[in-house]
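Here is the structure we will look at, set down as structure tokens.
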Amino acid sequence: MNKQTRNFAAAFMGTALEFYDFTLFGLFAPIFATLFFPKEDAMAALIASYTIFAAGYIIRPLGGIAFGYIGDRFGRKQAMVVSIIAMMLPTSLIGFLPTYQQVGLLAPLALALCRLVQGLCAGGEFSNAAIFVIEHANKDRKYFSGCLVTASSVIGMLLASSMASLCALEMMPTWIWRVPFLLSIPIGLIGFYIRRHTDETQVFDKAQKKEDHDPQTLRSLFKNNYRSLLITFGIGSFIGFVYYVPFVFMGHYHTLVSSLTKSATLFVITLGLVVYMMGICLAGFLADKHGPQKVQLTAILGTVVLAYPAFALIGSGEWSLILQGEIILAALAGMFVGPANGLTASLFDVKGRCRGVSFSLSLGISVFGGITPVLLTYVINQTQWLMWPAAWMIFGAAIAGVAVLASFKTQKEVAHLEGFPGGASPAV
């Protein structure tokens, strides 16, 4: 295995683990509602469970700043090494937690604490890993290389979804939900070992030798990069919409519009994740050829046109139509998310890249993605209108459209300084 392959494998494996850990919580939220909260009001318990799920996203921007500082000051490699162990600990601890029946209110409090630590670590892991890979990649492969980090995160999500599907089988014992969380221990230790033996990026090493390498203060980061931060926030916002509606909230949505069993619902979501991963890879490839903005604007327009028809298919309750609706949403999500790592990294210089991307991307995902399950659960329960998810995604598309269009100018000003291919004109 050559150095380039080893470096990429370390980033991919660690990211897969971290998203396996982080995704498990969302998939098991309905189960947690019955185990960690009082059973008198099932809807209140479900909303409380999703609220703890959302709390992990609220704290992600703080993790982006903390781990982003490590990445900008001590290296992208060091940030990845610390984050993988820090994510493994709270996830494995969830597998040992007592239930509400055993310890009362201490159960949801302990669950919330574990979720908050997960969110803190996730805020810095993904973007640092993506930047690590992008800075190692050749100039004509940066978007495709960056998209592979996202694709590896989907592998972690698929593993989490598969484990959740197995645990949902009626033949399984009631304690089986603990096993997927405990599996993070051996996987995390392997990922830690591999990341310890990677090479730092030449971009960071070169910048570190300069006398003025010290990373920007938070104040100067915001002052000098406010446009890049706002654009990245907008991109992160739509990632929250297009991922957490079809892959996280969808588990509960099927209970409202269809008679699918839990295992059948998880199968649909898992199939959607496979399509999502394929869309990510295709989008990254196309972004290197035609520019990231063209690919993302196509996905945005597709969301505006197809969101309502997709949810109409899902709401039909018919198996084949449900699959078609999920595939449409998954493909659109993949096409938007694929170029995102490369585009957002190209908006910042090396001194503030990790913090700039990690903070603003996490903030966008937190504000809109983190609140999506609890918000949609609440508004649908109050209004009984089942098309709220489609309207929510179209609203997100409007935010993303503004952000992507604004990125043309900012990318041209920054990208050429760091070896990125510059953005094409919107008129091209």
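The values are calculated or read from the model by the stated rules, or taken from the named source; none is laboratory data. Treat the numbers as computed from the prediction; the structure is a model and nothing was measured. Backbone-built Cβ (ideal geometry, glycine too); neighbour counts: all protein chains shown. What goes into the accessible areas is simple: the full protein's heavy atoms, side chains included, and nothing from ligands, DNA or RNA. Shrake-Rupley method; radii C 1.70, N 1.55, O 1.52, S 1.80 Å.
Rounded to the nearest whole Hz, the Karplus-based 3J(HN,Hα) values (6.51 cos²θ - 1.76 cosθ + 1.60, θ = phi - 60°) of region 122-130 follow the sequence 5, x, x, 5, 5, 5, 4, 5, 5, with x at glycine and proline.
Overall, region 349-419 carries a charge dipole of about 120 debye about its Cα centre when +1 sits on the Cβ of Lys and Arg and -1 on the Cβ of Asp and Glu, all other atoms neutral.
The long axis of helix 3-27 is offset from the longest Cα principal axis of the chain by roughly 30 degrees. About the centre of its Cα atoms, region 52-146 shows a dipole size close to 180 debye [charges on the beta carbon of Lys, Arg (+1) and Asp, Glu (-1) only; nearest 20 debye].
Summed over the residues of the chain and divided among them, the accessible surface reaches 39 Å² per residue at a probe radius of 1.4 Å. Using a Gaussian network model of the chain in which every pair of alpha carbons under 10 angstrom is joined by a spring, one finds that among Thr174, Thr198, Thr298 the greatest mean-square fluctuation is at Thr174. Computed from backbone phi, the HN-Hα couplings of region 63-79 come to x, x, 5, 5, 6, x, 5, 4, x, 7, 8, 10, x, 5, 4, 4, 4 Hz, rounded to whole numbers (Karplus: 6.51 cos²θ - 1.76 cosθ + 1.60, θ = phi - 60°; Gly and Pro given as x). Hey, what number do you get for the chain at 222 nm if only DSSP H runs of n ≥ 4 count, each worth -39500 (n - 2.57), divided across all residues, to the nearest 500? About -25500 deg cm²/dmol.
So for the chain, what percent of the C-alpha to C-alpha distances run longer than 40 Å? Result: 13 percent of Cα pairs exceed 40 Å.
At the listed q of 0.25 Å⁻¹, the Debye profile of region 115-195, built from one uniform point per Cα, gives log10 I(q)/I(0) equal to -1.28. Dipole orientation for region 53-173: of the candidates Ser83, Val103, Ile131, Ile131 has the Cα lying most toward the positive pole (charges on Cβ; Lys, Arg +1; Asp, Glu -1).
The value obtained for region 258-365, namely the Cα convex hull volume divided by the number of residues, is 112 Å³ per residue.
Between region 7-23 and region 72-125, the alpha-carbon centres lie 15 Å apart. For the chain, the longest principal axis of the alpha carbon atoms and the long axis of helix 262-290 meet at an angle near 10°. Under a Gaussian network description of the chain, with springs only between Cα atoms under 10 Å, the residue in Leu218, Leu273, Leu375 that fluctuates furthest is Leu218.
Placing +1 on the Cβ of every Lys and Arg and -1 on the Cβ of every Asp and Glu, with no other charges, gives the chain a dipole of roughly 860 debye about its Cα centre. Of the three principal axes defined by the Cα atoms of region 298-338, the extents in descending order read 29, 17, 8 Å. For Phe36, the residues whose modelled amide H falls within less than 5 Å of its own, excluding neighbours fewer than 5 places apart on the same chain, are Tyr100. Its relative contact order, with pairs defined as Cα atoms under 8 Å and 6+ residues apart, puts region 283-414 at 35 percent. Backbone geometry of region 155-172 corresponds, through the Karplus equation with coefficients 6.51, -1.76 and 1.60 at θ = phi - 60°, to 3J(HN,Hα) couplings of 4, x, 5, 5, 4, 5, 5, 5, 5, 5, 5, 5, 5, 7, 5, 5, 6, 6 Hz, x marking Gly and Pro. Please report the carbon-and-sulfur percent of the accessible area for the chain; probe 1.4 Å, protein heavy atoms only, DNA, RNA and ligands left out. Solvent-exposed carbon and sulfur of the chain make up 69 percent of the total.
Could you name the lysines whose alpha carbon sits less than 21 Å from that of Lys289, not counting residues in the same chain fewer than 8 places away? Output for Lys289: Lys139, Lys142, Lys409, Lys412. Of the residues Phe25, Phe37, Phe238, the one that moves most in a GNM of the chain with alpha-carbon contacts below 10 Å is Phe37.
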